[in-house]
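Read through the structure below, which is laid out as structure tokens, and then see the notes.
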Amino acid sequence: MKFKLIIEKGCEEEIIAKVHSANDLTRKIEDLVLSYVGEDEMQVQGDYELLTVKFADIECITVIDRKLYVIDSKNNKYRTGGSLSELEERLPSYFIRINKSTLANERQISCFKTTFSGGVDAIFKCGYKEYVSRRCFAEIKRRYKV
């Protein structure tokens, strides 16, 4: 296998991969390329300062008391601006909607658990728990062909 990277300032970015057949590696490369949106972090408001949080460290983004919060991998909650739909357009494809007020980093979901009432909760690696709407869970199942 050969690898070639050419860096030319000012030219249009293009990624071409020549392979014999598609496999897990080519699908991962395709997902990585298509999910990259040109940035990998966002500004959030801490208690007394502005902070930068990498997308990979975000567990979920949710609305609490009509305010938008980012929850990171240490279960810290930070305020952020904008709307959930604006963030959904900006974030990489591994952020999925799990209910009408929450976007989840699917790489940070440790499992889905059914509740006593028949609903489903997403359990994140940091321990945070958020319910998954029936409509969104149906879409998640279609995405993973479960």
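Applying the criterion of being in a strand (DSSP E or B) and under 14 Å from the mean Cα position of the chain (by Cα) to the residues of the stretch 100-113, the residue that is surrounded by the most Cβ atoms within 10 Å (Cβ to Cβ) is ALA104.
The residues on offer are ARG142, ARG107, ARG134, ARG79, and the sole one that is of a type in the set (Lys, Arg) and within 30 Å of GLU13 (Cα to Cα) is ARG107.
Looking across the stretch 114-128, the residues that are under 15 Å from SER73 (Cβ atoms) and either under 14 Å from the mean Cα position of the chain (by Cα) or without any contact (Cβ under 8 Å) to a residue 40 or more places away in the chain (or both) come down to ALA122, ILE123, PHE124, LYS125.
A short reminder: the numbers here are calculations on the coordinates, not readings from a lab. For clarity, every value in this text was computed on a predicted model and none was experimentally measured. When we count neighbours, we look across all protein chains shown, and the Cβ atoms used for this are built from the backbone with ideal geometry, even at glycine.
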